[in-house]
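To start, the structure itself, in structure tokens.
Nothing in this text is a laboratory measurement; each read-out follows from the coordinates by a stated rule. Remember, it's a predicted structure, so these values are computed and weren't measured experimentally. All Cβ positions, glycine included, derive from the backbone under ideal geometry; neighbour counts span all protein chains shown.
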Amino acid sequence: MAEGRSALYLAAVDLGGTKIAAGLLSMQGEILARVEEPTCQLGPQQGMAQIVDLLTTLQTQTGLSSAQILGIGIGIPAVLEAGSDHVIWGPNLTGWRDVGLRPTLENLLGIPVYVEYDGHTAVLAEMWQGAGRGYRSIAVVIIGTGIGGGLILDGQLYRGRDRLAGAVGWFAMTTDADLTDPAGQAIGHWESLAAGPGIAKRAQALLEEYPHSSLNQPARKEPLTAKQIFDAARDGDLLARRVVEETSRLIGLGVANIVSMVNPEIVILGGSIGRQGDLLLPGVRAVVQSWAQPISARSVVITSSQLGADAGLYGAAYIVINRTDSRDTMDGISVI
């Protein structure tokens, strides 16, 4: 660590399609202040203005000057140009195509900016502050409203050719190569089955079979949510327990594929669904033991993230630590 760097701080932005969180962290990973609000979906210019407002608010709260901030790390669900961090396309961010996020923010804030695909920030967070500490081969699967992930292989962040390695939501979980499934084709087949909306859809389709289920409320005005299903499963609801069991098997099949392909030391499940480890992990582990390469399955650790909603902030902050010494070349983080 460079002399004097320990007195500097890290700014982090976790930009999602639903919410955006920003934080200021110490170099050791302590969150000094954080703010969160719904993501502005009025286009990239308004979205970047929101980021500036949030970071300015944090600086005011903490009294930190721009000179005290080593850099700003941003995790974003987007396709990024290799080497420049230019946003090619953010499918869950309205109008985010061909966006110069990095130079715009640097000009407005006067602080270096580094941008990363959010699946990659997730695995960096676990390596730095989470369940991945001490491991050199880590796979993270983030399961919430979608499914994504990231890989650390032999201590190196693996981005892939297009910086999209870890887009596991696109796993084909079917024996029908000609299957026409609009949802699966639009967001990825595994994601359409095992992420939050797919879980809720399966439960909704079973309501007539379970007239006494706590989920079967004729007066319900809003669609079912995955959270309601997991809560009901903990209360012993038979419909909810059936759907959760099916979900654990579906997640287990995808994890088995990752284990067989990558042979990681540890697989960490994150996101609002992945963190339901008390309900999901036994089933996931059983499927992995049945279907993954046997030696890889025997040795892999499968667990849930303990970082909660702050995982994205930790990962975004860690980008800064690893890329400040080699601006634009990405040499700060080893890449394969």
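Which value in Å does the Kirkwood hydrodynamic radius of region 3-131 take, with 1/r averaged over all unlike C-alpha pairs and then inverted?
On the way: mean 1/r = 0.0673 Å⁻¹.
That comes to 14.9 Å for region 3-131.
Which net charge results for the neighbourhood of residue 12, defined as the other residues with beta-carbon distances under 10 angstrom from its beta-carbon, given Lys and Arg at +1 and Asp and Glu at -1?
Values: positive: 34; negative: 14, 310.
Here the count lands on -1.
For helix 118-129, what angle does its Cα long axis make with the longest principal axis of the chain, in degrees from 0 to 90 and rounded to 10?
80 degrees
Of all DSSP beta bridges in the chain, what percent run antiparallel (nearest 5)? Numbers along the way, then the final one.
Values: 27 of 48 bridges.
Approximately 55 percent, going by the DSSP bridge assignments.
Counting DSSP beta bridges in region 1-149, what percent are antiparallel, to the nearest 5?
Working: 21 of 32 bridges.
Once the DSSP bridges in region 1-149 are tallied, antiparallel ones form about 65 percent.
Applying 1/(1 + (r/R0)^6) with R0 = 35 Å to the Cβ-Cβ distance of residue 19 and residue 293, what FRET efficiency is obtained, to the nearest 0.05? If you can, show how the numbers build up before the last one.
Values: r = 37 Å, r/R0 = 1.07.
Calculated transfer efficiency: 0.40.
In whole Hz, what ³J(HN,Hα) sequence does region 308-320 give by Karplus (6.51, -1.76, 1.60; θ = phi - 60°), x for Gly and Pro?
x, 5, 8, 4, x, 5, 4, x, 5, 5, 5, 3, 4
Hey, got the dipole for region 131-306? About the Cα centre, +1 on K and R Cβ, -1 on D and E Cβ, debye to the nearest 20? Don't jump to the answer; show the numbers that get you there.
Values: 17 positive and 16 negative charges, 109 e Å.
That gives region 131-306 a dipole magnitude of about 520 debye.
Placing +1 on the Cβ of each Lys and Arg and -1 on the Cβ of each Asp and Glu in the chain, which of 215, 139, 311 has its Cα farthest towards the positive end of the resulting dipole?
215
Relative to the compact-globule scaling 2.2 N^0.38 Å, provide the ratio for the alpha-carbon radius of gyration of the chain. Before the final figure, lay out each step's value.
Working: Rg = 20.4 Å, N = 336, 2.2 N^0.38 = 20.1 Å.
Cα Rg divided by the expected 2.2 N^0.38 Å: 1.02.
Using Cβ contacts closer than 10 Å as the measure, can you line up 212, 120, 86 from fewest to most?
Ordered by Cβ neighbours within 10 Å, fewest first: 212, 86, 120.
When the dipole is taken about the Cα centre of the chain, and only Lys, Arg (+1) and Asp, Glu (-1) are charged at their Cβ, what size is it in debye, to the nearest 20?
On the way: 24 positive and 33 negative charges, 81 e Å.
Dipole about the Cα centre, nearest 20: 380 debye.
Quick one: order 171, 230 by neighbouring beta-carbon count within 10 Å, fewest to most. Could you put the intermediate results ahead of the total?
Details: 171 18, 230 22.
The order, fewest Cβ neighbours first, is 171, 230.
How large, in Å, is region 131-306 by the Kirkwood hydrodynamic radius built from its alpha-carbon pairs?
On the way: mean 1/r = 0.0597 Å⁻¹.
When all Cα pairs of region 131-306 are included, the Kirkwood radius is 16.7 Å.
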